[in-house]
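Right, one structure below, let's go through it.
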Amino acid sequence: MELSLSLYQLNFYPDCMTLSHRIKTIFSQASESVDAILIKNASSPFIDSTFFYVTGLKQGLFEGCTALLFPNGSFHLLVSSLEKPLVPSSIQATAFTKKAEFSDLLSNVLKDKQCIGLNTASLLHDDYQVLKELLPDAEFVSVSNAIKSARMIKDGEELDSIREACRIADK
């Protein structure tokens with residue numbers, strides 16, 4: 001019997017407290033104080049796995065979508081209208097259909113943020129250039145090391161997923 005399951009496909013969905021804790025841990029690991037963190041997916045294969053780590057989403061690629069993280073542990077998703085049905089109603093998400101609409105939404109949500117953290121390890125240069133144009137007064141700093149540090153510490157949900165994957169692999 002061939003098993004082709006990954007942790008991504010397992011049926012564990014982190015609760016809101018777990019996701020909030022993950023986000024707060026990233027902020028606490030940042031070397032600089034930031035007002036928000038932006039996690040931006042490009043097109044496959046340039047999908048940032050941190051997007052799924054902080055949102056708990058289990059299905060879809062969410063190409064061109066963005067997770068906006070805030071120091072209080074909350075987050076807001078900007079997702080394409082095609083991916084919106086995959087987002088649980090408990091998650092704050094705004095759908096867009098065109099790039100211009102996405103740009104307007106992003107500018108509006110981040111208009112008052114002066115220092116924005118980016119996962120530069122996974123952000124495409126073209127996307128960075130667009131961000132600089134959309135938010136010319138914002139300072140952008142890398143939080144890639146903070147994300148790596150936070151992800152090294154496994155929470156209960158992740159440990160449960162690892163145990164379940166091991167249990168399946170042992171069969």
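Throughout, read-outs are computed from the coordinates displayed, never taken from laboratory work. Quantities reported herein were computed from a predicted structural model and do not represent experimental measurements. We place every Cβ from the backbone using ideal geometry, glycine too, and count neighbours over all the protein chains shown.
The helix-based estimate of mean residue ellipticity at 222 nm for the chain, built from -39,500 (n - 2.57) per DSSP H run of four or more residues and divided by its residue count, is -12000 deg cm²/dmol to the nearest 500. Taking the Cα centre of segment 64-134 as origin and assigning +1 to Lys and Arg Cβ atoms and -1 to Asp and Glu Cβ atoms, the resulting dipole is close to 100 debye.
Go through segment 56-121 and name the trypsin sites (Lys or Arg not before Pro) that are in a DSSP coil and have 16 or fewer other Cβ atoms within 10 Å of their Cβ. Could the numbers behind the result be given before it?
Details: sites: Lys58, Lys98, Lys99, Lys111, Lys113; in loops: Lys58, Lys98, Lys111, Lys113.
Those satisfying the criteria are Lys58, Lys98, Lys111.
On the beta carbon distance between Ile162 and Phe46, with R0 = 25 Å, the FRET formula returns roughly 0.45. Amide H contacts under 5 Å for Gly117: Asp35, Ala36, Ile37, Leu38, Val141, restricted to partners 5 or more places along the chain or on a different chain, H placed in the peptide plane at 1.01 Å from N.
Would you work out the relative contact order for segment 110-163, in percent, from Cα pairs under 8 angstrom that are 6 or more residues apart?
Relative CO of segment 110-163 lands at 44 percent.
Taking Cα centre as origin and charging only the Cβ of basic (Lys, Arg, +1) and acidic (Asp, Glu, -1) residues, the dipole magnitude of the chain rounds to 220 debye. With 21 Å as the limit, the listed pairs Lys58/Lys171; Lys24/Lys84; Lys84/Lys154; Lys40/Lys84; Lys40/Lys148 have Lys58/Lys171; Lys24/Lys84; Lys84/Lys154 beyond it between alpha carbons.
Can you pull the Kirkwood radius for segment 102-164, inverse mean 1/r over Cα pairs, to one decimal in Å? If you can, show how the numbers build up before the last one.
Details: mean 1/r = 0.0727 Å⁻¹.
Evaluated over segment 102-164, this radius sits at 13.7 Å.
Taking amide H positions as modeled 1.01 Å from N, with prolines and chain starts lacking one, the residues under 5 Å from Phe96 and 5 or more places away or on another chain are Val79, Ser80, Ser81. Note on the chain: dipole from Cβ charges, positive end direction compared against Cys115, Ser20, Ser161; the farthest Cα belongs to Ser161. Remark: relative contact order (the chain) = 27 percent; criterion is Cα-Cα distance under 8 angstrom and separation of 6 or more residues. Reported to the nearest whole Å, the Cα centre-to-centre distance from segment 49-110 to segment 119-142 is 17.
For the chain, DSSP calls about 40 percent of its internal beta bridges antiparallel.
Normalising by residue count, segment 6-136 has a Cα convex hull of 112 Å³ per residue.
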